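Bear in mind that the values in this text are calculations on the coordinates, not laboratory data. These numbers come from a predicted model, not from an experiment. All Cβ positions, even for glycine, are placed from backbone atoms using ideal geometry, and neighbour counts span all protein chains on display.
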């Protein structure tokens, strides 16, 4: 506290001199004007905020005792800085002396503590669920087989018939969960108008015996371009790292998420342009559930013949022909079949002609006409390898299929 | 202003010294003892710069359901609160709400949330869809971590302390994203100096038929300290009992397990990295073999079975080396390859039992083979809990049965 002390040189019964009054006047002026007066000369609790100059000037620190807590507008950046050099900063509800924390900035490490739920991206994306739900319950929805032309996607939200997909920067709802290879997608390409539709990507035709990679793509054009919707789009380009740039061009950078691969056509010479029924599981395994003929392995035919020779399929990784395997797989389950006889299913390195894996179809010599073994083997997807049905020398029908695969990119 | 001073003099009275002294005393008492208050000064008279707000005092805004700001000296908390009745607190920039704390303590943010002590490029939304990158086998001495972002040569890894993205074209360098087993890792310790590099942990050397565990580790020392990470191959597996050891090596929250590799096929080629494919589901699938006549992976058994009683080929007990998979493996996928010595009439049976020799699975005898001196083969998947693989020769077989068994893939539950 500054101290006002006025010099009193007056003498009783004597007229005060001008100099004496000047001294008192100077004392008074010095007190008020030379900064000796401070806040301690103000009555505690006696001053209203209105008494303080408003607004608070740039770079002036509003400080609390000991200067631990401060509020300051820093004009250089500019930023409003709320600081506590000793403890937490808390936004709270107070009843009496009880403080209930709602939001805290933890002093020990600067972390944000949220005492209720936290919601992010309220101005972008779908708001059906909050952050905790996403962290605890969200999983990418599986693709589901529907018909020869159509796949759908499972409901994975808290509400029925609601499929949510976490894009790169927001949650989106799949606005059209029916994806048909018979129709063109709408809403993912510049110039699209009208309602969003799931389907084939722009300029991608439906071709017999090909793999189609399904992407969830944010609707960016047309009626449903509100930032909260996505559609399913079928494309012939796989999600391998080398294709990211191509997919960014097709769908917009970061506006797509890979959902899985489907197969159009059994490659059996008959059912070549229909979707092969499948099941995707949460571990990334794709398994085909139907085959070409009863008693033969399920899945997509890679090779078949009826003769006295061994049946071979040399692995082709890609999507440029009918008998190919998609590169998203790390492991492939091959099915092998021979009619009415035993056989062995070999996974053979072509260069050395040595087998790196064998599994066998059991048979019994007295039951040749009634047993038709079907076996499966799961092997790594490698180029330079061959799958062989080894039969001996009796002419029979044989088949090699891709029964399933482990999709590495899910 | 309403400072008042007692006036005891007038035009027709004498001015006494005591009159003047009285006024000064009143003024001194006012400013020195009682203190001025708002009614004594004009609105806006004082500036905030001269004010220090008292601790443990409410500074209120509004009269009903008022907001308060208070510094509590007991626990040094700086509190912004709504008093008595909870109300929404808004955070605005340029007059636009960017976040709010509602009356149920929910924190609602209009945009994304970023972790500013780490990568500021990838927000919380991105991390929800994040997938930890896998290891990629390059050569018998090098592995890399895959690109898992839209940006070329960039890999994002989420650490307990936040996300870190590193961009490095590994065709030219090996520093962050490529590990060379001939290099000693540098930068994972606070005592390290110089440029960071991925490699083997100091003191860990490659030993035949041993598993090595690869961690992404935040660079804590040397030239690249900060928001960078390297890959370190360690002999310590990532099971929870080892976390304190890993914390000591790499800092608490400074490491993330990426996967493992196997050095040595077992049998032949015991000192080379076994080629592999690691997938996001946790499977480590071997794609190379030791030598001609072997199947994929690690040979864990090679026995000539001449007895018609079951012989134990392998007991799968978790270990970081030898004919075993480490404790972070939950399922072993393998193959069995029985071979005759040239005649056609060899056969036998394979059995899997638990540790007490109770049979869990059995494949009975086969007939003769179909291909020239090739054999049958079976696939098995076993939990890595001490199960046994057994085999016996067929009772009527004319020759012994040479059986080898391989680990062709493992499910790494900590990936």
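The table below gives the values:
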| read-out | value |
| --- | --- |
| Relative contact order (%) - chain A, alpha-carbon pairs under 8 angstrom, separation at least six | 10 |
| Angle in degrees between helix A:18-33 and the longest Cα principal axis of chain A, rounded to the nearest 10 | 10 |
| Overall dimensions of segment A:223-291 by Cα: Rg and Dmax, Å | 15.1, 44 |
| Directionally averaged shadow of segment A:12-165, computed from the convex hull of its alpha-carbon atoms, nm² | 19.4 |
| Virtual paramagnetic centre 7 Å along Cα→Cβ of residue B:98, amide N under 19 Å, in segment A:84-101 | A:84, A:89-91 |
| Size of chain A as Cα extents on the principal axes (Å, biggest first) | 147, 46, 43 |
| Residue-averaged [θ]222 nm for the protein assembly as shown, counting only DSSP H segments that reach four residues, each worth -39500 (n - 2.57) | -2000 deg cm²/dmol |
| From the C-alpha gyration tensor of segment B:127-263, square roots of 5λ in Å | 19, 17, 16 |
| Using alpha-carbon coordinates, inclination of helix B:17-29 to the longest axis of chain B, degrees | 20 |
| Expected-Rg normalisation [2.2 N^0.38 Å, Cα atoms] applied to chain B | 1.74 |
| For chain B, share of DSSP beta bridges that run antiparallel, in % to the nearest 5 | 95 |
| Longest to shortest principal axis, alpha-carbon extents of the protein assembly as shown, angstrom | 148, 64, 49 |
| Along principal axes, Cα extents of segment B:101-142, largest first, whole Å | 60, 18, 14 |
| Residue among A:178, A:61, A:249 with the largest mean-square fluctuation in a Gaussian network model of chain A, springs linking Cα atoms under 10 Å | A:61 |
| Calculated P(r) tail over 19 Å for segment A:135-264, as whole % of Cα pairs | 43 |
| Relative contact order, percent, segment B:159-264 [alpha-carbon distance under 8 Å, six or more residues apart] | 30 |
| For segment B:278-412, the fraction of alpha-carbon pairs in successive 10 Å shells from zero, as % | 13, 43, 33, 11, 1 |
